[in-house]
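Accompanying notes for the structure given below.
Taken together, the values in this text are just the output of simple stated rules run on the coordinates, not laboratory data. All figures in this text were calculated on a predicted structure; none of them were measured in a lab. Reconstructed Cβ throughout: ideal geometry from the backbone, glycine too, with neighbour counts over all protein chains shown.
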């Protein structure tokens, strides 16, 4: 289409369609985006990156807090005390609430 109609035609079509798929022998090879489509795509990508980054930062903070507890001087003593403590369950187990057909 570029060879036949020229660049101005492509720009006019971008203004209405927002994007054009470039083909070679009828196979898609590239996409040309209007500036507004490009800016929207970049903005959405940044929003996703920010959200993922915030979630990752929160997860990293939780991990670091737990790791710090394991690195504490009294960590081995606390673990031994926990292992020696009698086991006590609060509430009921899921298995006890399930009815079994006879």
Quiz item: If you count, for each residue, the other Cβ atoms within 10 Å and average over each peptide, how do 59-71, 32-44 line up from highest to lowest?
Solution: 32-44, 59-71
Exercise. With label points built 7 Å along Cα→Cβ from the Cα atoms of residue 52 and residue 66, find their separation and express it in nm.
Key: 2.2 nm
